[in-house]
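Step one of this worksheet: look at the structure below.
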Amino acid sequence: MYDFEFERPRSIADAVKALKTEEAIAFSGGQTLMPTMKQRLAMPSKVVSLTAIEEMRGVRQDGSGIWIGGATTHATVARETKDSYPALSSLAARIGDPAVRARGTIGGSVANNDPSACYPAGVLASRGVIVTDRREIPADDFFEGMFMTALEEGEIVTAVKVEVPETAHYAKFIQPASRFPLTAVFVAKYGDGVRVAVTGASESGVFRWTEAEDALSGDWSADAVDGLSAPDGSDMISDLHGTGDYRAHLVKVMTKRAVAAC
Amino acid sequence: MPKDGGIGASTKRREDVRFLSGTGQYTDDINLHGQAHAYFLRSDVAHGTINGIDTEAAEAMPGVLKVFTAKDFEGVGGVPCGWQVTDRFGEVMQEPKHPVLAEGRVRHVGDPIAVVVAETLAQARDAAEAIVPDISDLPAVVDLKAALEDGAQKVHEELKSNLCYDWGFVEDNRDAVDEAIRNAHHVTTLELRNNRLIANPMEPRVAVGDYNRANDEHTLYTTSQNPHVIRLLMGAFVLGIPEHKLRVVAPDVGGGFGAKIYHYAEEAFCTFAAKALGRPVKWTSSRSEAFMSDAHGRDHVTKIELALDKDNNFTALRTETYANMGAYLSTFAPSIPTWLHGTLMAGNYKTPLIYVNVKAVFTNTVPVDAYRGAGRPEATYQLERVVDQAARELGVSPIELRRQNFITEFPYATPVAVEYDTGDYHATMDKLLEMTDHAGFEARAAESKKNGKLRGFGLAHYIEACGIAPSNLVGQLGARAGLYESATVRVNATGSISVMTGSHSHGQGHETTFAQVISEMIGIDANQVDIIHGDTGRGPMGMGTYGSRSIAVGGSAMVRAAEKVINKAKKIAAHLMEASEGDIELKDGKFSVAGTDKEVAWGDVTLAAYVPHNYPLEDIEPGLEETAFYDPANFTYPSGAYGCEVEVDPETGKVEIVGFAAADDFGNVINPMIVEGQVHGGLAQGIGQALMENCAYDADGQLISASYMDYAMPRSSDLPMFKVDHSCVTPCTHNPLGVKGCGEAGAIGSPPAVVNAVLDALNRGGHKVAHIDMPTSPARVWAAMNKTPMAAE
């Protein structure tokens, strides 16, 4: 790790100010940033921790949806959404291990947009909106590709809003080493349509499998997925743990299982 | 019932008190006054020519004491290899120099280029970034067979080729085996890979070098399984320090699994630099460094052929193996695919003709050496796979095919030069089938099918060879060391006992089990006995812990020393009781005179030895301390039957182990609970190899499983509840305790049992799959079911 300054502001305004320093970086739990810094692969001049900002913490009802502060830990989300949104609670409860869940936050996860992270799938399928210090961005426009988002320089994810579906399920098939999703699918059924969001599989990060959404919007059953061909494997990640074709196959299997489990 | 604390008692491990309460003293806990810190700059390319290393800017950085490169080691020897193999043509192996720091070339990712020693680790690391190595890339040698092609890039320019040796065993059997296979009724052939592994002990390697100018003494604190061997190798071959001026201490060591047997360059560096700088020098490996600098394990590519007659008797076995040595020869590397592998190819079977060919190959990868089991897992895996496949091809029961070919008469001389002293393979097979409720398998398989899963049962029978010996034989085979063990039993005046053993405990529980043996022999409380190990300054010459040798060899040395102590104590007791020595008996800590009520306590005799007022000074010396060296007459041969039941998810290829049982014959057992723990650990590592672990390089020699993000270690939730039994006992016939060793068995017998179970499940499900290479990851199992090629590695 290189030397750096550390700030722990108490308000969003102070955080935004602190992030104006050159090479400053936002830190929201640090479950990706910390190992990166320890490996000396990142050398921020200043680390601005967001987790002491009260207005960015907690989970509350927000009309028909749920508002989750950006600095809310996975453990808190898992606990607080147990009744209001069980599928999201279950997603949060299965991220990493207890230490990761006690530190990692939803804002950090969506801002990082790891192609194998769990939250991007949950937020995208749940018609999520990413709230920042300056605007609201629909999840459809927010996740732009592997580790890429619509965030501007110094922009902070202050909250994530999701719509609660009629029913939903997150089916995760883990990569045996990291236990991140090798491929995972979040299926959410709303009164006016179904969303299917896939993480872990694509070279372009989280994506919606629209063919499955169309099929399931017409016929809400695992059989409806059976009739589809798996998405194209050539755009999928191919590595030590599986080929693109394998991941494409898993997209279909996990979608089917997610629907069956709803 | 075993005596409390004696042989056979499940005494709780005394060392766990400090391990579990955070009071263990590991090498990284040692911080010496004035200590400086070393940081190794390692190659990030697999192969390249070093044109120069500019250290000027780094030398000027804050806190830097010195930047070392190969230039500083010109008068220093290479890191030695402890075993010289002779090939099938009578030539000795090719043995390149393994410099402490890379000389002229880097040969694997992780090869050390330079070392910064600075006041703090952060300063050393900062300065290392200012070093400018000028390296021109060379083509990387990664594939074992391509490495041996004509015109292949050489890893060592000064050698004839990348072939370390071409070994044949038994060479005189070669033609007869060829002919038997040509004329066989049936031949089953498999080509398989024994996947490369990284040991991953919980504690990474650490070295602290210290030098005392006043008396010219060096001390090295290191994470080693065998400090005496390090003293010998480093002192005699690398740095030229005589034993009496070099002390090596391996305090608490957090797991070894083989990777901490070897003498490593970092140990020599810290010892050397401490004298050069006049400061203690410490190096602690990061986990990332461990992946690219700890010796790796396994990595064999094998073709195996099993010939059978029309009655399904095994008639001949032929294997051809390419064994990866990595870039340099690690301490015992050449012996692993040869003498610890070829000699085990008979397994539990009376195959009359066997020929083993091994080509050891240099590549631009981390050196490969022994890892839990070392050669024996590789032998067992291929043999138990081919036997299973033969049963499938012939449509016979894999259990019956094994039983029919079991060795049943002992001693049994195999066609691969070893003689098994005892064993009862039918007994362990019977026990296994009982433990796994084999009779109920079909019902369970039907239940799985209802749930959309494919259930399979796989078994393996293994033979192990522990306590490699005797020394005169291993010397003929190329070992450059003896393979005895030593012990000093020091009885103190009040009767308590300190045992100095050359065996090293790094998780095995010797401090408990060795004390149990002494407690049993003398009849005193085990708490009166301390086991001291891991310090060349305290114990006699020792050979350390590896190859499941500690109780069989180290324990035997201790028994011999204790017998000497008891014999002397009996003389003293005879004097005290004015009786004849021949009438003295020792029981429950008391000496008595046979046929009388005369007795004298152990403590009174030991006190007399040190306060010899009433003492036969004219016949025996005062004091009560004896040393013994024990050189075994033969290996010991544990054996056992392992059974694995799996469920395969046909949609994802995921394998779940739903049952695992191990029926082992370890001979006599000192502490059943510790033996059980050893088997559990071995099984976890074997199942890890079979299902998950894979050390992979890409075509450029980059290590692509270089962290826990990609190297899959088994976790408790990946493993079933194990059923473990060691009630089948055929005691070893040639050591005093009748013990065989249990440390590696789990890792030897389990991989083929798992893979056999996976294949059984697939074949029962209608997938005609002959073999899947380990690890049988979901992607590989799915690919095998769907015939889709695997991603390039």
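The values are calculated or read from the model by the stated rules, or taken from the named source; none is laboratory data. A quick note: this is a predicted structure, and the numbers were derived from the prediction, not measured. Cβ coordinates were reconstructed from backbone atoms using ideal geometry, including for glycine residues, and neighbour counts include every protein chain displayed.
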Picked from the range B:139-148 (must be out of contact with any Lys or Arg (no Cβ under 8 Å at 6 or more places or on another chain) and in a loop (DSSP other than H, G, I, E, B)), the residue surrounded by the fewest Cβ atoms within 10 Å (Cβ to Cβ) is B:Pro139
Does the range B:325-343 contain at least one residue that is more than 18 Å from B:Asn405 (Cα to Cα) and either among the acidic types (Asp, Glu) or outside the structural domain of B:Glu409 (by TED's automatic domain parsing) (or both)? no
Note to self: Can you find a residue that is over 29 Å from the mean Cα position of the chain (by Cα) and buried (at least 22 other Cβ atoms within 10 Å of the Cβ) anywhere in the range B:128-138?
What the structure shows: yes
Given (1) more than 14 Å from chain A (Cβ to nearest Cβ); (2) touching a Gly at 6+ places or on another chain (Cβ under 8 Å); (3) assigned to a loop (DSSP other than H, G, I, E, B), B:Val769 misses just (2)
Turns out the strands (runs of 3 or more DSSP E) fully within the range A:66-160 with at least 1 residues that are under 26 Å from A:Ser178 (Cβ atoms) are A:129-132, A:143-145
Residue pairs within 9 Å by beta carbon, gap of at least six or interchain, first lying in the range B:412-440 and more than 12 Å from B:His461 (Cα to Cα), second among the charged types (D, E, K, R) and not in a strand (DSSP E or B), listed first then second, are B:Tyr412/B:Lys350; B:Tyr412/B:Asp421; B:Thr414/B:Lys350; B:Thr422/B:Lys740; B:Asp437/B:Arg444
Of the candidates B:Asn735, B:Asn694, the one satisfying the condition of being touching a strand residue (DSSP E or B) at 6+ places or on another chain (Cβ under 9 Å), assigned to a loop (DSSP other than H, G, I, E, B), of a type outside the set (Asp, Glu) and within 14 Å of chain A (Cβ to nearest Cβ) is B:Asn694
Condition set aromatic (Phe, Trp, Tyr) and not in a loop (DSSP other than H, G, I, E, B), scope the range B:360-417, selection surrounded by the most Cβ atoms within 10 Å (Cβ to Cβ): answer is B:Tyr381
Filter the range B:649-691 for residues that are within 14 Å of chain A (Cβ to nearest Cβ) and β-branched (Val, Ile, Thr); the one that is farthest from B:Ile407 (Cα to Cα) is B:Thr652
Pairs returned, first residue in the range B:25-48 that is surrounded by fewer than 23 Cβ atoms within 10 Å (Cβ to Cβ), second residue that is assigned to a loop (DSSP other than H, G, I, E, B) and among the hydroxyl-bearing types (Ser, Thr, Tyr), beta-carbon separation under 7 angstrom, 6 or more apart or interchain, are B:His37/B:Thr120
Looking across the range B:45-64 at residues that are small (Gly, Ala, Ser) and in a loop (DSSP other than H, G, I, E, B), the single one that is farthest from B:Leu138 (Cα to Cα) is B:Gly63
Reported set for the range B:179-195 where residues are β-branched (Val, Ile, Thr) and outside any helix (DSSP H, G or I) is B:Val187, B:Thr188, B:Thr189
Considering the range A:169-191, residues that are of a type in the set (Ser, Thr, Tyr) and away from every other protein chain (no Cβ under 12 Å), and then whichever is farthest from A:Trp220 (Cα to Cα), we arrive at A:Tyr170
Taking the range A:173-194 and keeping residues touching a residue at least 12 places away in the same chain (Cβ under 8 Å) and more than 23 Å from B:Asp710 (Cβ to Cβ) leaves A:Phe186, A:Val187, A:Ala188, A:Lys189, A:Tyr190, A:Gly191, A:Gly193, A:Val194
Checked B:Ser519, B:Ser486, B:Ser505, B:Ser496 against criteria (under 15 Å from B:Ser556 (Cβ atoms) and among the polar types (S, T, N, Q)); the one match is B:Ser486
By residue number, the members of the range B:448-480 that are in contact with a Leu (Cβ under 7 Å, 6 or more places away or on another chain) and within 22 Å of B:Arg231 (Cα to Cα) are B:Ile468, B:Ala469, B:Ser471, B:Val474
Of the residues in the range B:111-127, those that are surrounded by 24 or more Cβ atoms within 10 Å (Cβ to Cβ) and of a type outside the set (A, V, I, L, M, F, W, C) come to B:Asp111
Within the range A:205-255, residues assigned to a loop (DSSP other than H, G, I, E, B), of a type in the set (Gly, Ala, Ser) and within 12 Å of chain B (Cβ to nearest Cβ) come out as A:Ala230, A:Ser238
Looking across the range A:22-39 at residues that are part of a loop (DSSP other than H, G, I, E, B) and within 14 Å of another protein chain (Cβ to nearest Cβ), the single one that is surrounded by the most Cβ atoms within 10 Å (Cβ to Cβ) is A:Gln31
Discussion item. Looking at the structure I just gave you, is B:Ser717 within 14 Å of another protein chain (Cβ to nearest Cβ), out of contact with any Cys (no Cβ under 7 Å at 6 or more places or on another chain) and free of Cβ contacts under 8 Å to residues at least 40 places away in the same chain?
Written reply: yes
In the range B:149-178, anything surrounded by 13 or more Cβ atoms within 10 Å (Cβ to Cβ) and part of a helix (DSSP H, G or I) is listed as B:Glu171, B:Asn173, B:Arg174, B:Ala176, B:Val177, B:Asp178
Checking A:Ala201, A:Ala260 in turn, the sole residue that is small (Gly, Ala, Ser) and touching a Lys or Arg at 6+ places or on another chain (Cβ under 7 Å) turns out to be A:Ala201
- prompt: Is it the case that B:Ala633 is within 22 Å of the chain's Cα centre (by Cα) and buried (at least 23 other Cβ atoms within 10 Å of the Cβ)?
  reply: no
Note to self: Can you find a residue that is part of a strand (DSSP E or B), touching a residue at least 40 places away in the same chain (Cβ under 8 Å), of a type in the set (Phe, Trp, Tyr) and crowded, with 24+ Cβ neighbours inside 10 Å anywhere in the range B:316-328?
What the structure shows: no
For the range B:665-708 the number of residues that are farther than 19 Å from A:Ser178 by Cα and touching a Lys or Arg at 6+ places or on another chain (Cβ under 7 Å) is 4
